[in-house]
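For reference, the structure is listed below as C-alpha cells.
What follows is calculated from the coordinates using simple rules that are stated; it is not laboratory data. Keep in mind that this is a model prediction, so the values were computed, not measured. Virtual Cβ from ideal backbone geometry, glycine too; neighbours counted across all protein chains shown.
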Amino acid sequence: MAQNDAILPININTSRKVIHVDMDAFYASIEEREQPELRKNPLIIARDPRKTGGKGVVATANYLARQSGVHSAMSAQKALELCPKAVFQTPNFTLYRAVSDQIHEIFHEYTDKIEPIAFDEAYLDVTDNKKDIESAVEVAHQIQSEIFAKTKLTCSTGISYNKFLAKLASEYQKPVGVAVVLPEDVREFLDKLPIEKFRGVGKKTVPKMHELKIFNGKDLYQKSELYLIHNFGRFGDALYHHVRGSDDRPIEYLRERKSIGKESTYNPNLTTDNEVENELSNLARNVAIAMKKRQKHGKTLVLKLRYADFETITKRQTLTEFIENSEEAYLFYARQLFEEFGDSQRGIRLLGITMTNLASINFENITLPLFKSD
Ligand code: DCP
Ligand code: MG
C-alpha cells in the first residue's frame, strides 16, 4: 500500500497537565517496609509454591528478584526455579488497599480529577490544581515527597500533556523517577521508543509489527493513517495519533461530592421545639445513611433554617476531628446550633443538615464512637 496517502492535519491539544503516578514494586515494597529484614533477599509476592503444590502466580517481586527474571503474572513455580533463594510472601490485600487509600488522600490534596488504574497507579489532571501550582513537575515532586514522607514508599511519576505520554514517562525512569515529556520533545522521545512500549502493542501484535518492519516509534511514524487502519483496524488509528503525541482521552474521575446533606420544607410551619427536634432527628438519620453509603465522614456540620418570613440562616460547627458518622452525633450538633441560633416560635418552614469538609473513611482517620457503637 502506498505510503503517501493524503495527510490530514491533526489537532494536538497540549494545554492539559497530566501526571501518571505508579508506585515502585508496590506490594513488595510494602512488605519490605513491614519487615525490613526482607530487603536483603529476593522477595516474591505469591503463595509459596512448595506449600501449594506448585500452584499460584506471582503478583510482583522486589527489584532483587527481578534481576533473576522473575516478574508479575509468572507462575510461582517458575519463579522458584529462576530464583530458589527467594522469600515467598502471601499477599495481604487489606494492607495494600489501606496504603492505596492513603496515597489517594494525598492526590486529593492536589486535585479531585483522579483516574485510578490499579491500587498503585493513577492519572491526575493537575491543569487546575487545588494548590494553584503552575508547574506540573513541581506538583509531581511534591506528591512523590509526600507519599514518601507518609508511607515510606517510593513511586515514579510521568508528566506530560496527555495520558499516553504521561504513562510512558513514568515508566521511563522507574524506580523513584520523575520524567517529563514536553511537546517539543515528543518526536525525539517517541522515535526511539521500541514498538512494544506503545500502549496496546502486546505479545500478539509485536510479531506483526516486526513483519511490517516497524520496530520503533520512528518506523511507526512513517506509516500513513490508512496503512495502519488497514493493518490494525481501529487500533491502527489510535497508534497513528499516539505516535504523533496526540491522545485526547480525558481523565475519567469520579466526581467527589463536596458535601452531603438533606433538607425538608414544612407546611404548616414547625412552631415548637419538640417538632424541630423530631425533624432534626429524621434529617440526621438520613444524612448518616447517605454518608455511610459514600464511605465518608466530615468535620463540619451545617444547619440551615428558614423562617415563616423567608429569612434563611445557615450556621456551622467545625470540629478538629471528624464527627462520628451517626444519627446521634449529627443530631447532637444540629440541636446545639438550633438552641443557640434558632427560634421555633417564629415558625420554621425549612430545616436542613449538611456535612462538609468530607474525607473518605479509612483505617487511619476513623473516629472512635463517642455516642454509641453500632
Ligand atoms: N499486580 C498483580 N498481578 C499482576 C500485575 C500487578 O497482582 N499481573 C499487583 C502487584 C503489584 C501491583 O499490582 O505490586 C502494581 O502493579 P505494577 O505493574 O505497577 O507493578 P509494581 O508496582 O509491583 O512494580 P513497578 O515498580 O514496575 O511498578
Ligand atoms: Mg507499580
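Observations on the model:
- The sum of -39500 (n - 2.57) across all DSSP H runs of n ≥ 4, divided by the residue count of the chain, sets its helix-only mean residue ellipticity at 222 nm to -11000 deg cm²/dmol.
- Label point distance in nm, E188-E138, each placed 7 Å from Cα along Cα→Cβ: 2.5 nm
- Extension gain from E321 to R97, taking 0.36 nm per residue of separation minus the Cα-Cα distance: 78.3 nm
- Net dipole in debye of the chain [+1 Lys, Arg Cβ; -1 Asp, Glu Cβ; about Cα centre; nearest 20]: 1360 debye
- Contact order for the chain, expressed relative to its length and based on alpha carbon pairs under 8 Å spaced 6+ residues apart, stands at 15 percent.
- Using alpha-carbon coordinates, inclination of helix 273-293 to the longest axis of the chain, degrees: 10 degrees
- Over the stretch 259-360, the fraction of Cα-Cα pairs per 10 Å bin, rounded to whole percents and listed from the shortest bin up, is 17, 52, 25, 5.
- Length-normalised contact order for the stretch 14-172 - Cα pairs under 8 Å, 6+ apart - percent: 33 percent
- Gain on full extension, evaluated as 0.36 nm per residue between D48 and N278 minus their Cα-Cα distance, stands at 76.9 nm.
- Fraction of alpha-carbon pairs over 17 Å apart in the stretch 27-92 - percent: 27 percent
- Given K55/K78; K131/K174; K258/K299; K262/K292; K130/K163; K192/K213, the pairs whose alpha carbons are separated by over 18 Å: K131/K174; K130/K163
- Positive-end ranking of Y227, L337, T151 along the dipole of the chain, with charges on Cβ about the Cα centre, is headed by Y227.
- Per DSSP, loop GluC sites (Glu not before Pro) in the stretch 111-152 with at most 16 further Cβ within 10 Å: E134
- Extension reserve of the T127-R346 stretch, reckoned as 0.36 nm per residue once the Cα distance is removed: 74.0 nm
- Cβ-derived FRET efficiency at R0 30 Å, A290 paired with E311, nearest 0.05: 0.65
- With the Kirkwood sum run over all distinct C-alpha pairs, the chain has a hydrodynamic radius of 24.6 Å.
- Considering only alpha-carbon pairs that sit under 8 angstrom and 6 or more positions apart, the relative contact order computed for the stretch 1-83 is 23 percent.
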